[in-house]
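In what follows, a structure is listed as structure tokens, so that the remarks can point back to it.
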Amino acid sequence: MADLKLNDVKDLTRIERIGAHSHIRGLGLDDALDARKVSQGMVGQTKARKAAGVILQMIREGKIAGRGVLLAGQPGTGKTAIAMGMAKALGEETPFAMMAGSEIFSLEMSKTEALTQAFRKAIGVRIKEETEVIEGEVVEIQIDRPATAGAAAKTGKLTLKTTDMETIYDLGTKMIESLNKEKVQSGDVIAIDKATGKITKLGRSFARSRDYDAMGPTTKFVQCPDGELQKRKEVVHVVSLHEIDVINSRTQGFLALFAGDTGEIRSEVREQIDSKVAEWREEGKAEIVPGVLFIDEVHMLDIECFSFLNRALENEMSPILVVATNRGITRIRGTNYKSPHGIPIDLLDRLLIISTEPYSEAEIRAILDIRCEEEDVEMSDDARELLTKIGHETSLRYAIHLITAASLACQKRKGTEVEIEDISRVYTLFLDVKRSTQFLIEYQEQFMFNEVPKTDEDVEMAG
Ligand SMILES: Nc1ncnc2c1ncn2[C@@H]1O[C@H](COP(=O)(O)OP(=O)(O)OP(=O)(O)O)[C@@H](O)[C@H]1O
Ligand SMILES: [Mg+2]
């Protein structure tokens, strides 16, 4: 492997799968890392948020590698939300990988392979590359219209200039398309990557700052470049070790990344990549960017996975491991031993523990207000009051779910605002856990398998 393939990964946009936490835009901390009461979609839970912020700070300063953090607390106290907030606060450059503990058992690969992939998704490599670009101000774009109407333009000419020279380039269909897509017009200063043909608009030339009609409020003005049109430029981009693994492990690697069907990656491939990356680091061409690996519901992992984590944390290239659980003292999967959070003591010892606490009524109200806004639901004050009470007595999640349901009920009666009646309607339609359990106890003879023996295993932390 003389050269690793990297080009293909650059333009991958990451797909975010969110919903329950889409209102979370960060940790909501101020510059001193103190938690603001309500900020960036976050409410309360100030101690845990501050602690998460301190961890982020350490990551940014590159101080810690191979550390672990455990978010522990009762269901619905914002553990997953805080992890999402950390991801948002980290920014684009730092890799953040997440998985649920139970995923390990549903993948068509060994558990350790799945964990290795997860770890490598959370380690970025910042690579410096020299590329050739053409950079200049657009003088004219001339596209030859084909005789038949409706057919796409096939050829054209692009005139670019710097303060020192001017050149005319021939255009093919693909370039015409990307020029259209980027809405390039004369007076724009653009850069074209010679290798990929990618066009980037750098701004509008100062010389055109008087053409008011051609600009919006966000128009950025730049100088017309000087010197040669063709330049060598240093570009920096971050890819994860996993992305490099996938692209180099198969011929159709690029497609495999999209399909998510990566299969097992041979250890020789990884070794080669690791030594290549080490070489680049020595030559100053690449740096390691340790990111964050978040494993939710970590109690679902078994003893083999836990011992893998122990060892992986000690690796020099390890990311920061953040795990979350709502379990109390319970059996460690794959053993007959019990342990706090279902996590072996030796791993627990390597984790900093952040605990989350149940919310007050006022905090529940604030979270519900944010969710109403997020879901675009108008709700009267009385209804919000009632929903808050319900949330306090049942669970925050149940109350959040009722927002959507109540808004549908409101639409059905052609109302403009969710009222108390909509809330009570859906409250009777959908049971919360307490009422459902009550129902089960009352009618247990009529259900199948009702003689489940009582165990004290897998008890969630008492609410
Ligand atoms: N402090 C908070 N600010 C804003 N929204 C929150 C906050 N805490 C929780 N939420 C929201 O409440 C819902 C439940 O929280 P979350 O899923 O994070 O709980 P959890 O602690 O992960 O629970 P579980 O143990 O059941 O996984 C989510 O929609 C979440 O976004
Ligand atoms: Mg959770």
*Might you tell me the accessible area per residue for the chain, computed with a 1.4 Å probe and given in Å²?*
56 Å²
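Please list the three semi-axes, largest first and in whole Å, of the ellipsoid equivalent to the chain, using sqrt of 5 times the eigenvalues of its alpha carbon gyration tensor. Intermediate values should be presented prior to the final figure.
On the way: eigenvalues 470, 211, 91 Å².
Working from the Cα gyration tensor, I get semi-axes of 48, 32, 21 Å.
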*Each residue of region 190-205 in order: what ³J(HN,Hα) in whole Hz does its phi give by Karplus 6.51 cos²θ - 1.76 cosθ + 1.60, θ = phi - 60°, with x for Gly and Pro?*
10, 10, 10, 6, 5, 6, 9, x, 6, 9, 10, 7, 8, x, 9, 5
*Treating the angle as unsigned and between 0 and 90°, give the value, to the nearest 10°, between the Cα long axis of helix 433-442 and the longest Cα principal axis of the chain.*
40 degrees
*asked:* Considering all alpha-carbon pairs of region 128-236, what whole percent are spaced by more than 18 angstrom?
replied: 51 percent
*Assuming R0 = 35 Å, what is the FRET efficiency of THR428 and SER355, from their Cβ-Cβ distance, to the nearest 0.05?*
0.50
*On a 0 to 90 degree scale, rounded to 10, what angle separates helix 396-412 from the longest Cα axis of the chain?*
70 degrees
*Amide hydrogen neighbours beyond the local backbone of THR77, cut-off 5 Å, H modeled*: none
*Along region 122-127, what does the Karplus equation 6.51 cos²θ - 1.76 cosθ + 1.60 (θ = phi - 60°) give for ³J(HN,Hα), rounded to whole Hz, x for Gly and Pro?*
9, 10, x, 10, 8, 10
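So, with +1 on the Cβ of K and R and -1 on the Cβ of D and E, and no other charges, what is the size of the charge dipole of region 361-440 about its Cα centre, to the nearest 20 debye? Numbers along the way, then the final one.
Numbers: 11 positive and 17 negative charges, 106 e Å.
With Lys and Arg at +1 and Asp and Glu at -1, about 520 debye.
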*asked:* What are the ³J(HN,Hα) couplings of region 360-377, residue after residue, when phi is run through the Karplus curve with 6.51, -1.76, 1.60 and θ = phi - 60°? Round to Hz, x for glycine and proline.
replied: 7, 4, 4, 5, 4, 4, 5, 5, 5, 4, 4, 5, 4, 5, 4, 8, 6, 10
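Give, in nm to one decimal, the length gained when the segment between GLU378 and GLU129 is fully stretched (0.36 nm per residue of separation minus the Cα-Cα distance). Present the calculation step by step, with values, prior to reporting the outcome.
Working: separation 249, 0.36 × 249 = 89.64 nm, distance 5.11 nm.
The span from GLU378 to GLU129 would gain 84.5 nm if fully extended.
Ranking request for peptides 199-207, 52-60, 407-415: highest mean number of other beta-carbon atoms within 10 Å first, then the rest in descending order.
Working: 199-207: 16.2, 52-60: 18.4, 407-415: 14.4.
Highest mean packing first, the order is 52-60, 199-207, 407-415.
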*asked:* Compute the angle between helix 303-313 and the longest alpha-carbon principal axis of the chain, please, reported from 0 to 90 degrees and rounded to the nearest 10.
replied: 40 degrees
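Using the beta-carbon distance between ARG397 and HIS237 and R0 = 30 Å, what value does 1/(1 + (r/R0)^6) give for FRET efficiency, to the nearest 0.05? Please report the intermediate quantities before stating the final value.
Working: r = 39 Å, r/R0 = 1.29.
According to the calculation, E is roughly 0.20.
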*Can you list the residues, at least 5 places off or on another chain, whose amide H is less than 5 Å from the amide H of CYS224, using H built in the peptide plane?*
PHE206, ALA207
*Dipole of the chain, Cα-centred, from +1 at each Lys and Arg C-beta and -1 at each Asp and Glu C-beta, to the nearest 20 debye?*
320 debye
*What is the calculated FRET efficiency for SER106 to TYR443, with r their C-beta to C-beta distance and R₀ = 30 Å, to the nearest 0.05?*
0.35
*Once amide H atoms are placed 1.01 Å from N in the peptide plane, what residues at a sequence separation of 5 or more from GLY156, or on another chain, have their amide H within under 5 Å of its amide H?*
ASP144, LEU171
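Would you please put 273-280, 314-321 in order of how densely packed they are, using the mean number of other Cβ atoms within 10 angstrom per residue and starting with the highest? Please report the intermediate quantities before stating the final value.
Values: 273-280: 16.0, 314-321: 18.9.
Those peptides, ordered most packed to least, come out 314-321, 273-280.
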*GLU264 versus ILE168, label points 7 Å from Cα toward the beta carbon: distance in nm?*
6.1 nm
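Pairs to check: LYS121/LYS174; LYS128/LYS201; LYS161/LYS181; LYS194/LYS220; LYS154/LYS183; LYS88/LYS111. Give those whose C-alpha atoms are more than 26 Å from each other in this structure. If you can, show how the numbers build up before the last one.
On the way: LYS121/LYS174 33 Å; LYS128/LYS201 21 Å; LYS161/LYS181 21 Å; LYS194/LYS220 24 Å; LYS154/LYS183 17 Å; LYS88/LYS111 28 Å.
Pairs exceeding 26 Å: LYS121/LYS174; LYS88/LYS111.
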*Could you tell me the accessible area of LYS389 in Å² (1.4 Å probe, neighbours in place), rounded to the nearest ten?*
100 Å²
*Computed [θ] at 222 nm, deg cm²/dmol, the chain (DSSP H ≥ 4; -39,500 (n - 2.57); rounded to nearest 500)*: -10500 deg cm²/dmol
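The values are calculated or read from the model by the stated rules, or taken from the named source; none is laboratory data. As the structure is a prediction and not an experimental result, all values here were calculated from the model. Note that we place each Cβ from the backbone using ideal geometry, even for glycine, and neighbour counts take in every protein chain shown. SASA here: full protein model, heavy atoms, side chains in, ligands and nucleic acids out. Shrake-Rupley method; radii C 1.70, N 1.55, O 1.52, S 1.80 Å.
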